[in-house]
Amino acid sequence: MAGNSFGQAFRITTAGESHGGGNVVIIDGVPAGLPLSVDDLLPDLDRRRPGQSKIVTQRQEADTPEILSGVFDGQTTGTSIAILIRNQDQRSKDYSNIMNKYRPGHADYTFDAKYGTRDYRGGGRSSARETNVRVAAGAVAKKLLAELHDISIIGYVKQVGNIIADIPHPEAVTMEQVESNIVRCPDPVKAEQMIALIDEVRKDQDSIGGVSELVATNVPAGWGEPVFDKLKADLGKAMFTLPAVLGVEYGVGFGCATMRGTENNDIFRVKNDSITTDTNHHGGMLGGISSGMPIVLRCAIKPTSSLSREQDTVTRDGEQTTIATKGRHDPCLLPRFAPMGEAMIAIVLADHALRQRAARV
């Protein structure tokens, strides 16, 4: 199956299914000598894992990683790093009664159309379960970026349904603010409203979508390749590889459609002997190359497709029927999305950090 690898100089390859034995990632390109242990991977994996609060799926997975190769005596060796996360709480029987039915909003039909067969247990390869090893790879990328350039990356919930957080300075949001509540919104007032809304739709056997905002700070100016490998293009693709992402924007995003050029342009200044801009409508990228300003992205996340409420659908044989998906599912995907989005941004930035090393003397 093609399409399992991402990146060039920093490259990841993943394998695994939702209800298989586990998921594995192989990371190529990490330089030798980077201090690395399982403890470096756990914080982000704990933020992504299921069962962590009442507003996420209650599947119980410890998501404990095993580093199989590429690390010796607490440091990377420069060779491929392999990380395995075993599945421990699969309940495949929850899917046996829908094995021949297509779940609305899922990849069941499209996988059948492509391969003529599919793993119906929790979505198989199309499941978000696969993102646990991406988060592990992202933790490695984050550590590399911190060592090389003191880059930090943070994601949080900006919107759930019609509730929008007030976050005037995305670059100033701290991890303590994000982790202060179970919905991971740094606006405490709106966070409580979001939690109440998620709980309401859960009791109604429904789900709700929203927006996650992601910010990378201290990214040097000059990263990204002209034309097809622009930083914004690679970040856009990275975000769209994540399940449930239906839209991506950066900077002012679609807001530019109603602005004039005089409003949209960010005016250059020199501050503390560095070139900067008064505003950051460009979201940290100009011409697809980093400007040195914070990189600000937003992802629109769709409502969870798996619902216990009965819906119309068809079988593999084209017969009209109904379906109600059993199992344990997130009523809202946003609280667990932040570490996934952070991971993919880190992987892209690590890739371009290494590529930039070869771009000039």
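Just so it is clear, none of the values below were taken in a lab; they were calculated from the coordinates. Since this is a predicted model, take the numbers as computed values, not measurements. Neighbour counts run over all protein chains shown; Cβ positions are idealised from the backbone, glycine included.
Couple of notes before you dig in:
- If you run the Gaussian network model on the chain, springs between alpha carbon atoms under 10 Å, then out of 259, 285, 239 the most flexible one is 259.
- For the chain, the 222 nm mean residue ellipticity estimated from helices alone, with every DSSP H stretch of n ≥ 4 adding -39500 (n - 2.57) and the total spread over all residues, rounds to -8500 deg cm²/dmol.
- Placing +1 on each Lys and Arg Cβ and -1 on each Asp and Glu Cβ, with no other charges, gives the chain a dipole about its Cα centre of roughly 640 debye.
- The amide H of residue 313, built 1.01 Å from its N in the peptide plane, has 321, 322, 323 as neighbours under 5 Å, considering only residues 5 or more places off or on other chains.
- 3J(HN,Hα) couplings calculated from phi for segment 274-281 with the Karplus curve 6.51 cos²θ - 1.76 cosθ + 1.60 (θ = phi - 60°) are, in sequence order, 10, 7, 9, 10, 5, 10, 9, 4 Hz; Gly and Pro show x.
- Counting all C-alpha pairs of segment 169-312, share separated by more than 20 Å (%): 60 percent
- Label zone at residue 2 (point 7 Å along Cα-to-Cβ), backbone N below 15 Å, segment 115-130: 115
- Per-q log10 I(q)/I(0), segment 143-198, q = 0.17, 0.25 Å⁻¹ (Debye; single scatterer per alpha-carbon; no solvent): -0.55, -0.93
- Simple label model, 7 Å out from Cα along Cβ direction - residue 162 to residue 237, nm: 3.9 nm
- Residues 156, 120 arranged by fewest to most Cβ contacts within 10 Å: 120, 156
- Taking all Cα-Cα distances within segment 299-361, those exceeding 20 Å account for 58%.
- Cα-based radius of gyration for segment 230-301, normalised by 2.2 N^0.38 Å, reads 1.20.
- Exposure rule at most 13 other beta-carbon atoms within 10 Å, DSSP loop GluC sites (Glu not before Pro): the chain longest free segment: 1-309
- Fewest-first sequence of 282, 149 by Cβ atoms within 10 Å of each Cβ: 149, 282
- Distance-filtered residues of segment 312-352 - backbone nitrogen under 15 Å, label point 7 angstrom along residue 99 Cα→Cβ: 316-317
- Taking segment 258-278 and a reference point 7 angstrom along Cα→Cβ of residue 221, the backbone N atoms nearer than 14 Å belong to 266-278.
- Close amide H pairs (under 5 Å, H built 1.01 Å from N) link residue 285 with 291, residues at least 5 positions away or on another chain.
- Note on the chain: GNM, Cα springs under 10 Å; of 320, 193, 311, the largest mean-square fluctuation is that of 320.
- The relative contact order of the chain, computed from alpha carbon pairs under 8 Å that lie at least 6 residues apart in sequence, is 23 percent.
- Taking the convex hull of the alpha carbon positions in the chain and averaging its projected area over all directions gives 19.5 nm².
- Rounded to 0.05, the FRET efficiency of the residue 180 and residue 317 pair, given R0 = 35 Å and the Cβ-Cβ distance, is 0.10.
- Residue 260 paired with residue 79, simple spin-label distance in nm, labels 7 Å along Cα-to-beta-carbon: 6.4 nm
- If R0 is 56 Å, the Cβ-Cβ spacing of residue 309 and residue 274 corresponds to a FRET efficiency of close to 0.55.
- Residues in segment 229-235 carry Karplus couplings, in order, of 10, 4, 4, 5, 5, 5, 5 Hz; the curve used is 6.51 cos²θ - 1.76 cosθ + 1.60 with θ = phi - 60°, and Gly or Pro positions show x.
- Alpha carbon centroid spacing (whole Å) that separates segment 103-152 from segment 275-341: 12 Å
- Annotation: the residues 169, 352, sorted from fewest to most other C-beta atoms within 10 Å of their own C-beta, follow the order 169, 352.
- If you plug the beta carbon distance of residue 192 and residue 326 into 1/(1 + (r/R0)^6) with R0 = 25 Å, you get a FRET efficiency near 0.25.
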